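In what follows, a single structure is set out as structure tokens and then discussed.
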């Protein structure tokens with residue numbers, strides 16, 4: 001145990017996903033050893049991100065506040081007839097890093113999980129169906145995490161879009177139980193190029 005302000009900082013870092021107590025303590029001690037202006041830059045970056053990042057009105061990806069559309073939806077070189085459906089914005093960011101996806105995205109905001117009380121009404125599935133109907137979408141790529149929840153969500157969306165458009169899914173180049181934002185470029189390449197019609 002150290003001084004309470006240090007413990008509070010360690011606890012705050014430990015709340016971040018993937019950060020255990022030892023890593024949180026290392027980060028907290030690094031902040032304490034760094035020059036005051038460096039800690040202030042970090043604090044300001046966190047405040048700025050919280051205050052200035054919102055959601056795209058079309059696909060629900062991240063965008064700068066004051067911009068109705070994200071950088072993907074506002075890019076006229078993107079193929080708006082192809083929508084890649086992902087659970088979270090982090091998944092869209094991972095696919096963007098691969099530089100292979102030339103369509104647009106639709107961020108659901110999670111996956112179906114009855115045990116956690118997450119039903120279709122809690123996700124942006126109705127908005128996806130409306131986009132497909134309104135915009136003449138020719139393909140929807142289901143890019144869900146390889147989990148029971150991801151599979152259930154993909155199956156539900158496939159049923160909702162039946163007869164409206166061509167529904168494909170990422171090939172199983174992604175290891176079961178892993179998240180999209182942890183996949184490397186090669187794995188994402190195989191997954192995107194080897195996608196198949198949803199069955």
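The values are calculated or read from the model by the stated rules, or taken from the named source; none is laboratory data. The model shown is predicted, which means the values in this text are computed figures rather than measured ones. We place every Cβ from the backbone using ideal geometry, glycine too, and count neighbours over all the protein chains shown.
In the range 67-87, which residue that is part of a loop (DSSP other than H, G, I, E, B) and in contact with a helix residue (DSSP H, G or I) (Cβ under 8 Å, 6 or more places away or on another chain) is surrounded by the fewest Cβ atoms within 10 Å (Cβ to Cβ)?
81
Residue-by-condition table, conditions (1) closer than 26 Å to residue 56 by Cα; (2) assigned to a loop (DSSP other than H, G, I, E, B); (3) touching a helix residue (DSSP H, G or I) at 6+ places or on another chain (Cβ under 8 Å):
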site	(1), (2), (3)
102	yes, yes, no
115	no, no, no
131	yes, no, no
192	yes, no, yes
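Name every residue in the range 1-15 that is outside any helix (DSSP H, G or I) and surrounded by 11 or more Cβ atoms within 10 Å (Cβ to Cβ), in order of residue number.
2, the sole residue that qualifies.
What single numbered condition from (1) surrounded by 21 or more Cβ atoms within 10 Å (Cβ to Cβ); (2) at pLDDT below 95 fails to hold for residue 102?
Failing condition for residue 102: (1).
Tally time: how many residues in the range 39-53 are surrounded by 12 or more Cβ atoms within 10 Å (Cβ to Cβ) and over 27 Å from the mean Cα position of the chain (by Cα)?
Of the residues in the range 39-53, 1 are surrounded by 12 or more Cβ atoms within 10 Å (Cβ to Cβ) and over 27 Å from the mean Cα position of the chain (by Cα).
In the set 157, 83, which member is under 19 Å from the mean Cα position of the chain (by Cα), more than 16 Å from residue 61 (Cα to Cα) and in contact (Cβ under 8 Å) with a residue 12 or more places away in the chain?
Residue meeting the stated conditions: 157.
Quick test of your reading of the structure: residue 96 fulfils all but one of (1) surrounded by fewer than 22 Cβ atoms within 10 Å (Cβ to Cβ); (2) without any contact (Cβ under 8 Å) to a residue 60 or more places away in the chain; (3) within 11 Å of the chain's Cα centre (by Cα); (4) farther than 15 Å from residue 191 by Cβ. Name the failing condition by number.
Against the list (1) surrounded by fewer than 22 Cβ atoms within 10 Å (Cβ to Cβ); (2) without any contact (Cβ under 8 Å) to a residue 60 or more places away in the chain; (3) within 11 Å of the chain's Cα centre (by Cα); (4) farther than 15 Å from residue 191 by Cβ, residue 96 comes up short only on (4).
Quick check, is residue 76 without any contact (Cβ under 8 Å) to a residue 12 or more places away in the chain and in contact with a strand residue (DSSP E or B) (Cβ under 8 Å, 6 or more places away or on another chain)?
Considered against the rule, which asks whether it is without any contact (Cβ under 8 Å) to a residue 12 or more places away in the chain and in contact with a strand residue (DSSP E or B) (Cβ under 8 Å, 6 or more places away or on another chain), residue 76 comes out as no.
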